[in-house]
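To keep things clear, I will list the structure first and then write my remarks on it.
Derivation of every value follows stated rules applied to the coordinates shown; laboratory data play no part. Keep in mind it's a predicted model, so treat the numbers as computed, not measured. All Cβ positions, glycine included, derive from the backbone under ideal geometry; neighbour counts span all protein chains shown.
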Amino acid sequence: GNKKIIEKLNSRLADELTAINQYIVHAEMCDNWKYERLHELIQKRAIQEMKHAEKLIERILFLEGRPMVSTLNQIKIGAEIPAMHSSDWSAEETAIKGYNETIRLAVEVGDNGTREILESILREEEDHIDWIEGQLDQIKQMGIQNYLVEQID
């Protein structure tokens, strides 16, 4: 395996492991506040991020690299729902930029297997940021109180 690719895959792994932790905390905060719908949706996103991490670990191992699972980026926990969404949006934006950068490198070195894996993850990250943007738009349009009423099951 290409050392640069393995290094970048470990950077993407750090993004995913950070997101998992952040989303789990946010999901549990929503559960504690009895916002069942948000709890379920954020928890599902954490599970998707776990699957991304698993794919990255598998690829790093395939390339005969060593997955670095002890490295995390800064975790940003929101104190209330709009701040949670904003923190999650920032995490997704960072991930999307990182995936695009790593895809460019994979193309440059001719690693199409890695490129395909990263492109599939990138599409899901784009879906995540789109959903978060929708939540922030709903808060802006209907107000936080009305938004939160919709999150109670």
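Dipole magnitude of the chain about its Cα centre, charges +1 at Lys/Arg Cβ and -1 at Asp/Glu Cβ only, in debye to the nearest 20? All intermediate terms of the calculation are to be shown ahead of the outcome.
Numbers: 18 positive and 29 negative charges, 104 e Å.
For the chain, the charge dipole is close to 500 debye.
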Inset, instruction - Round to the nearest 10 and give me the degree value, 0 to 90, for the angle of helix 3-32's Cα axis relative to the longest principal axis of the chain. - result: 20
Legend entry - For peptides 98-109, 141-152, sequence by mean Cβ density within 10 Å, most packed first: 98-109, 141-152
Legend entry - Cross-link partners of Lys76 among aspartates and glutamates (Cα-Cα below 15 Å; sequence separation of 8 or more within a chain): Asp15, Glu16, Glu28, Asp88, Glu92, Glu93
Legend entry - Lys/Arg +1, Asp/Glu -1 at C-beta; the chain dipole; positive extreme among Asn10, Gln138, Ala53: Asn10
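Would you mind putting 13-26, 75-88 in packing order, based on average other-beta-carbon counts within 10 Å, highest first?
Values: 13-26: 22.1, 75-88: 16.4.
Sorting 13-26, 75-88 by mean packing, highest first, produces 13-26, 75-88.
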Inset, instruction - Please label the shape of the range 101-153 as rounded, prolate or oblate, based on the square roots a ≥ b ≥ c of the eigenvalues of the alpha-carbon gyration tensor (a/c under 1.5 means rounded; beyond that, a/b larger than b/c means prolate, else oblate). - result: prolate
Legend entry - Cross-link table Lys4/Lys44; Lys3/Lys55; Lys8/Lys44, entries beyond 23 Å C-alpha to C-alpha: Lys4/Lys44; Lys8/Lys44
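If you take every residue apart from Ala27 with its C-beta less than 10 Å away from the C-beta of Ala27, what net charge results, scoring Lys and Arg +1 and Asp and Glu -1? The partial results should precede the final answer.
Working: positive: Lys44, Arg45; negative: Glu28, Asp31, Glu40.
Within the 10 Å Cβ shell, the charges total -1.
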Inset, instruction - Relative to the longest principal axis of the C-alpha atoms of the chain, give the angle of the C-alpha long axis of helix 36-62, reported between 0 and 90° and rounded to the nearest 10°. - result: 10
Inset, instruction - Give me the angle, in degrees from 0 to 90, between the Cα long axis of helix 112-142 and the longest principal axis of the Cα atoms of the chain, rounded to the nearest 10. - result: 20
Inset, instruction - Using the Cα centre as the reference, give the magnitude of the dipole from point charges on the C-beta atoms of the range 51-111 (Lys, Arg: +1; Asp, Glu: -1; all else neutral), rounded to the nearest 20 debye. - result: 100
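Would you work out the charge dipole size for the range 1-66 about its Cα centre, treating the Cβ of every Lys and Arg as +1 and the Cβ of every Asp and Glu as -1, and quote it to the nearest 20 debye? Intermediate values should be presented prior to the final figure.
Details: 12 positive and 11 negative charges, 62 e Å.
Charge dipole, the range 1-66, about its Cα centre: 300 debye, nearest 20.
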Legend entry - Part-to-part distance (alpha-carbon centres) for the range 115-144 and the range 17-73, which is given in Å: 15
Legend entry - Average Cα contact separation per residue, the range 33-142, under 8 Å, 6 or more apart, as relative contact order %: 25
Inset, instruction - Specify which labelled value, from (i) 16.6, 52; (ii) 15.2, 52; (iii) 18.2, 60, agrees with Rg and Dmax of the Cα atoms in Å derived from the coordinates of the model shown. - result: (i)
Legend entry - Per-residue HN-Hα couplings for the range 89-99 [Karplus 6.51, -1.76, 1.60; θ = phi - 60°; Hz; x = Gly/Pro]: 4, 4, 5, 5, 4, 4, 4, 4, 4, x, 5
